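Asker: Dumping the structure here so I can ask a few things about it.
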Amino acid sequence: MEGSFRVLVSVTPDALTRVIVHLLRSFPEIEIVSCVRGNEPLVRQAQRLLPHIIIVNCQEAVSGCGTTVDVLKNASPGSKLILTSWGDDFAVRRRLPNVDAHINEASLVRKLVPTVRKLCAAYGHRVSRRSNQRRYR
């Protein structure tokens, strides 16, 4: 997809990955370039693909998550990083430097698209207000 906004996803569990992919694939301007598991494949893909946005959740201790964030920013310095976390981890992880946006997984469905839109605007990209998916009543 020429001129698309590239997104790399690395979250667990798989159900959360499917939700993120479903939400973002409904916008023709956004291309999910890869979904990976684990830090090593994530860093390799970030360095190889140089996505506009990386969506990640860290299931390890906060200090380990901070290291992952730093490694990702070094591997793909132009990428914006969205960190998702759940419950009490959300408040603690919001303080991590080098993270461009934080989303509590409890609010992910409501906040992911507006957050991606905002980060796209930082690159000068525009994501349409409406998805190409039909809404059922």
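The values are calculated or read from the model by the stated rules, or taken from the named source; none is laboratory data. Predicted, not measured: the structure shown is a model, and the values here were computed from it. Heads up, the Cβs are rebuilt from the backbone with ideal geometry, glycines too, and the neighbour counts pull from every protein chain shown. Quick note on the areas: whole protein, heavy atoms, side chains included, nothing else; ligands and nucleic acids left out. Shrake-Rupley method; radii C 1.70, N 1.55, O 1.52, S 1.80 Å.
Asker: What pairs can you find where one residue is in the range 53-64 and farther than 19 Å from residue 117 by Cα and open to solvent by 10 Å² or more (accessible area, probe 1.4 Å), the other is outside any helix (DSSP H, G or I) and modelled with pLDDT under 70, and their Cβ atoms are less than 7 Å apart, with a gap of 6+ or different chains?
Answerer: none
Asker: Restricting attention to the range 10-19, report how many residues are surrounded by fewer than 22 Cβ atoms within 10 Å (Cβ to Cβ) and touching a residue at least 12 places away in the same chain (Cβ under 8 Å).
Answerer: The qualifying residues number 4.
Asker: Which of the residues that make up the range 69-105 are modelled with pLDDT under 90, of a type in the set (Gly, Ala, Ser) and surrounded by fewer than 18 Cβ atoms within 10 Å (Cβ to Cβ)?
Answerer: 87, 91
Asker: Output the residues belonging to the range 22-35 that are touching a strand residue (DSSP E or B) at 6+ places or on another chain (Cβ under 9 Å) and either among the polar types (S, T, N, Q) or open to solvent by 20 Å² or more (accessible area, probe 1.4 Å) (or both).
Answerer: Matches in the range 22-35: 25, 29, 31, 32, 33, 34, 35.
Asker: Condition first: assigned to a helix (DSSP H, G or I) and out of contact with any Ser or Thr (no Cβ under 7 Å at 6 or more places or on another chain). Can you find one or more residues in the range 45-52 that meet it?
Answerer: Checking the range 45-52: at least one residue is assigned to a helix (DSSP H, G or I) and out of contact with any Ser or Thr (no Cβ under 7 Å at 6 or more places or on another chain).
Asker: Which one of the conditions (1) in contact with a helix residue (DSSP H, G or I) (Cβ under 6 Å, 6 or more places away or on another chain); (2) farther than 22 Å from residue 111 by Cα does residue 77 fail to meet, given that it meets all the rest?
Answerer: Among (1) in contact with a helix residue (DSSP H, G or I) (Cβ under 6 Å, 6 or more places away or on another chain); (2) farther than 22 Å from residue 111 by Cα, the lone unmet condition for residue 77 is (1).
Asker: A further question follows. Does the range 1-32 hold any residues that are in a strand (DSSP E or B) and within 21 Å of residue 98 (Cβ to Cβ), and which are they?
Answerer: Within the range 1-32, 5, 6, 7, 8, 9, 10 qualify.
Asker: Also, I was wondering about something else. May I ask you to list the residues in the range 33-42 that are part of a helix (DSSP H, G or I) and within 17 Å of residue 84 (Cα to Cα)? Before you say what the answer is, go through the steps one by one.
Answerer: Going through the range 33-42, the residues part of a helix (DSSP H, G or I) turn out to be 39-42.
39, 42, listed by residue number.
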